Amino acid sequence: MAFPGVNSVSVLQGAMRTCVQNHAVIANNIANADTPNFTPTKLDFQGTLRETLEGRGRVTLRKTQARHLDITREIPRFEHIALSSKNDYNKVDLEQEMANLSENTGNYTIYGSLLVKQFKQVKDMLAGLR
Amino acid sequence: MLEAISAREIAVSGLKAQRTRMNLIANNIANAMTPTTAKGGAFRRQLAILSGESVQSGIAPEKLGVKVERVMSDPSPLRQVYEPGNPYANADGYVEYPNVDMAVEMADLVSAQRAYEANIAVLVSGRRMTAKALEIIQV
Amino acid sequence: MSDPLNIGPITGGRIEIDPISMRQASPSSTPVEGKSFKDVLADTIGEVQRLQTEADTTIKQLVSGEIKDVTEAMVAVEKADVSFQTMMAVRNKIVAAYEEIMRMQV
């Protein structure tokens, strides 16, 4: 049984906050799409959600597998920069990040709609009792 | 903890960096055949060195996003073209031309544009999320 | 269903109506235990509560990833909401009827 002892409003709120953090992680990956030797990170959604619901601020992450790069060079080899449309020198998969961005935004709006509904039900009940 | 504002600032830093890249590319293309510059010698292809950090737990928000660390000249060799009649030719009759390859510049331009649009998508999605959050307080 | 309201045969121009058996109207001939109004109300409230709990459960399952499809959560939430609103409407009608009766001059 998921989230025993927590009401659904808290769960939805925690999920939305986790989506906001995920948004920042994805934004960082996209901003660094052309940064040499950059390793994109992926937010562990369920882990971070649990941390949020238990009142801790930590973000749990999963680093993608670092490819073996010649990281002794400070400046990346110029052939790699020249072929930058293939993006050999870092691991950012722009299409994947765009997909993650779209999914994350979709989830946020779903949880948001459900949360709005929770509050609306309480407000309707109060209106009905007047 | 990463606040809501971070994604927007991160995306803006991405836009600025890609804009810089595009400006350098445009300048490279414009100067692709410039055999002499004020500093002496042919124009050299310029590129931006970007730097940025991966997200870690507890990282300071200012460190996120991307920065143009510096602009540097591509040290790869210049093109030597045999043109003995050219006033810029050296003793052996060769003129030095910039190490700008049009195909490479166009590929870089496409890459920069794609990345620029992706950063825009981050801003747009952030706006949609904020709009949804506003619904919570609506009647 | 030839005689659903248990009106009875038309005899000599008079129609016999038996109100008690009308309440128990059913196609079968076996008598049914009539539920008191209190029981019906309790059942309704119980059903509303059950649907609310189910909606909460599906929301949590959606967030935890146990359910992939958002449809289930949406439908469960709406079912709970509609049943609750129905109960509120019935409750309001009962209250209004009660107040009207109380207003009657004896």
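Numbers below:
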{"read-out": "A:D124-B:I59 FRET efficiency (beta carbon distance; Förster radius 56 Å; 0.05 resolution)", "value": "0.85"}
{"read-out": "Estimated distance in nm for a label pair at C:L41 and B:I120, the labels positioned 7 Å out from Cα along Cα-to-Cβ", "value": "6.2 nm"}
{"read-out": "Neighbouring partner chain Cβ atoms per residue of A:112-120, average, 10 Å criterion", "value": "6"}
{"read-out": "Nonlocal Lys pairs with alpha-carbon distance under 30 Å, segment C:35-103 (8 or more apart, or different chains)", "value": "8"}
{"read-out": "Degrees separating the helix B:4-30 axis from the principal Cα axis of chain B, which is the longest one", "value": "10 degrees"}
{"read-out": "Spin-label model distance (nm) - C:T86 vs B:Y82, 7 Å beyond Cα toward Cβ", "value": "9.3 nm"}
{"read-out": "Chain B - Debye-derived log10 I(q)/I(0), Cα point model, q = 0.16, 0.20 Å⁻¹", "value": "-0.89, -1.14"}
{"read-out": "Modelled FRET efficiency - R0 45 Å, C:K68 with B:I137, Cβ distances, 0.05 increments", "value": "0.90"}
{"read-out": "Chain lengthening between B:M102 and B:T34 when straightened (0.36 nm per residue, less Cα-Cα)", "value": "23.1 nm"}
{"read-out": "Shielding by other protein chains, B:14-23, mean Cβ within 10 Å", "value": "2"}
{"read-out": "Virtual paramagnetic centre 7 Å along Cα→Cβ of A:Q46, amide N under 14 Å, in segment A:1-21", "value": "A:1-4"}
{"read-out": "Principal-axis tilt of helix B:102-135 within chain B, Cα atoms, nearest 10 degrees", "value": "10 degrees"}
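Here, each number is a calculation from the coordinates, and none is a lab measurement. Computed from a prediction, not measured in an experiment: that's the story for all the values here. Cβ sites come from the backbone with ideal geometry, for glycine too, and all protein chains shown count toward neighbours.
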